[in-house]
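Asks: Sending over a structure as structure tokens; questions will come in a sec.
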Amino acid sequence: MTEPRTPGEERLAQLAEPEKEVAAGTRTLVIGPYLTRKRRVSTDSEGEGSNPRPPEARLDEIAGLALAIDLTIVRSLIAPLSSPRPATFVGSGKVEELAGFIRAEEIGLVVMDCALSPVQQRNLEKAWGAKVIDRTGLILEIFGRRARTKEGTLQVELAHLSYQKGRLVRSWTHLERQRGGFGFLGGPGETQIEADRRMIQERMNRIERDLEGVVKTRSLHRTSRRRVPYPIIALVGYTNAGKSTLFNRMTQADVLAENMLFATLDPTSRAIELPHGEKAILSDTVGFISDLPTMLVAAFRATLEDVVEADVLLHVRDVSHGETEAQAGDVAIVLRELGIDPDDTRRIVEVWNKADLLSAEDRERLAATSQRTGEERRPILISALTGDGIPELLATIEQHLALGRMTYEVDVAPEDGQGLAWLHENTEILDRQSKDNGHTILQVRLVAGKEPRFLNRFPDARVL
């Protein structure tokens with residue numbers, strides 16, 4: 001039987017959800033209140049409005065986010081702005097114009113592709129008589145529905161609370177009322193807003209402590225993998241680029257792979273086998289997105305630790321998407337934030353995915369571009385859905401892992417069955433020849449960390 005909540009726990013439960021749960025099927029209006037090009041250029045130096053995508057592409061993306069939680073989009077529109085209005089973000093004329101449409105179409109939710117202040121959100125809800133959420137609120141809603149692991153749910157709650165804490169300042173008039181305090185729980189005259197902020201901070205502190213334990217556990221798992229050791233291959237890329245489909249194709253797993261934004265939030269790892277028999281760990285990660293709220297980047301940093309630790313990164317790009325170059329730029333920004341050089345060709349392989357969605361002409365053009373590119377930087381054109389290009393991708397992964405590894409030729413006597421078995425288990429067998437005298441000549445490439453044991457066991461091995 002569930003224990004009844006205390007009033008404090010009840011209040012915290014309310015605060016933990018910055019937006020009321022948005023029901024699937026809610027009739028929704030999506031608005032892109034974007035600065036005009038002239039205004040964007042003038043504010044780029046201030047860090048505002050610097051998104052290089054055309055408004056139509058940005059509107060398509062926010063509509064895709066809304067569809068990811070099964071909202072019914074009645075209409076999506078662009079509302080050009082010369083500058084944001086302090087009270088309602090968009091101009092009063094646009095607010096009045098949309099109010100009639102919202103009432104006539106019985107719109108229950110308005111999604112604004114911007115960051116709204118609490119005052120702006122409240123004023124718009126009052127004017128339109130509908131729930132209003134901004135880009136951050138929508139992404140939080142998606143994250144809340146997708147996360148499944150303990151780490152994922154803790155990260156989502158932490159992000160929710162961080163978002164809510166920042167919105168308590170004069171958000172609601174009832175929070176300005178004073179309340180009595182009892183000892184350390186609140187001094188005399190503590191206002192409700194102060195009490196709420198304190199409860200949120202205490203809960204955030206507990207979550208952060210819990211997350212430290214989860215991160216330590218994941219670190220132990222990584223350490224145990226390193227002892228094997230298997231190299232780690234991490235999939236990175238813009239959300240909906242096809243990472244999970246590729247993960248399933250390469251590992252024969254059944255990770256959720258849907259044509260929607262943020263289908264994957266929890267990191268997943270599986271073993272794969274490379275062409276010459278070496279095993280590796282393939283890790284699927286959360287997709288990146290433009291203008292990801294800072295609190296979410298911080299909250300989900302732990303889920304990207306496998307990316308930082310990876311030996312090879314597969315940057316999966318949806319080359320059928322009209323904004324694939326801009327998306328690649330956003331991924332590069334996030335990689336830099338993680339301390340990874342996006343131009344490190346020894347470590348990063350570009351994977352041009354969704355070739356099956358290209359016209360025959362575009363596919364031929366991209367294939368020719370790939371072949372003309374130097375081997376170090378050569379992108380691999382694939383279709384994760386059909387499997388085209390996967391053998392070439394696996395061979396390329398193997399080549400990148402081989403960089404810096406030593407290759408030897410070793411002569412194994414017929415009576416040294418244990419030595420032969422050790423080589424098969426601990427090295428990459430590149431070539432094998434059987435001699436008439438029963439000896440076996442092997443060309444092997446050493447896995448990282450195995451060279452001392454190899455040379456101790458086969459001191460006569462010859463470097464190639």
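The values are calculated or read from the model by the stated rules, or taken from the named source; none is laboratory data. It should be emphasised that the depicted structure is a prediction, and the values quoted were computed from it without experimental measurement. Here the Cβ is made from the backbone with ideal geometry for all residues, glycine too, and neighbour counts use every protein chain on show.
Asks: Quick one: would you say Gly152 is out of contact with any Cys (no Cβ under 8 Å at 6 or more places or on another chain) and either surrounded by 23 or more Cβ atoms within 10 Å (Cβ to Cβ) or more than 25 Å from Thr217 (Cβ to Cβ) (or both)?
Replies: no
Asks: Another question, if that's okay. Given (1) in contact (Cβ under 8 Å) with a residue 40 or more places away in the chain; (2) more than 30 Å from Gly242 (Cβ to Cβ); (3) out of contact with any Gly (no Cβ under 8 Å at 6 or more places or on another chain), where does Pro452 come up short, assuming only one miss?
Replies: Answer for Pro452: the failing condition is (1).
Asks: Under 14 Å from Ala24 (Cα atoms), touching a residue at least 24 places away in the same chain (Cβ under 8 Å) and among the β-branched types (Val, Ile, Thr) - does that describe any residue in the stretch 75-97?
Replies: no
Asks: So how many residues does the stretch 102-140 have that are of a type in the set (Asp, Glu), in contact (Cβ under 8 Å) with a residue 40 or more places away in the chain and within 23 Å of Pro55 (Cα to Cα)?
Replies: Matching residues across the stretch 102-140 total 1.
Asks: In the stretch 382-393, what residues are touching a residue at least 40 places away in the same chain (Cβ under 8 Å) and surrounded by fewer than 19 Cβ atoms within 10 Å (Cβ to Cβ)?
Replies: Filtering the stretch 382-393 down to residues touching a residue at least 40 places away in the same chain (Cβ under 8 Å) leaves 382, 384-385, 387, 390-391, 393.
Matches in the stretch 382-393: Leu385, Gly387, Ile390, Pro391.
Asks: Does the stretch 411-426 include one or more residues that are closer than 21 Å to Pro275 by Cβ, assigned by TED's automatic domain parsing to the domain that holds Pro459 and not in a helix (DSSP H, G or I)?
Replies: no
Asks: Cβ-Cβ below 8 Å, separation at least six or inter-chain, first residue in the stretch 228-248 and among the basic types (Lys, Arg), second outside any loop (DSSP other than H, G, I, E, B): which pairs?
Replies: Short answer, once both residue conditions are applied: Lys243/Leu235; Lys243/Val236; Lys243/Gly237; Lys243/Asp284; Lys243/Val316.
Asks: For the stretch 431-453, what are the residues that are aliphatic (A, V, I, L, M) and modelled with pLDDT of 85 or more? Please lay out each step first, then the result.
Replies: To start, the set of residues in the stretch 431-453 that are aliphatic (A, V, I, L, M) comprises 441-442, 444, 446-448.
Across the stretch 431-453, the qualifying residues are Ile441, Leu442, Val444.
Asks: Of all residues in the stretch 369-381 being of a type in the set (Val, Ile, Thr) and either surrounded by fewer than 19 Cβ atoms within 10 Å (Cβ to Cβ) or modelled with pLDDT under 90 (or both), which is nearest to Arg346 (Cα to Cα)?
Replies: Restricting to residues being of a type in the set (Val, Ile, Thr) and either surrounded by fewer than 19 Cβ atoms within 10 Å (Cβ to Cβ) or modelled with pLDDT under 90 (or both), the top hit is Thr373.
Asks: I need the helices (runs of 4 or more DSSP H) fully contained in the stretch 76-157, keeping only those with at least 2 residues that are of a type in the set (Val, Ile, Thr) and closer than 22 Å to Asp291 by Cα.
Replies: 135-146
Asks: Please indicate, with yes or no, whether at least one residue in the stretch 386-403 is of a type in the set (D, E, K, R), touching a strand residue (DSSP E or B) at 6+ places or on another chain (Cβ under 9 Å) and at pLDDT below 90.
Replies: yes
Asks: Inside the stretch 250-368, counting only helices (runs of 4 or more DSSP H) that do not spill past its ends, which hold 2 or more residues that are at pLDDT 90 or above? Write out each step before concluding.
Replies: Working: elements: 294-299, 305-309, 324-337.
Here the list reads 324-337.
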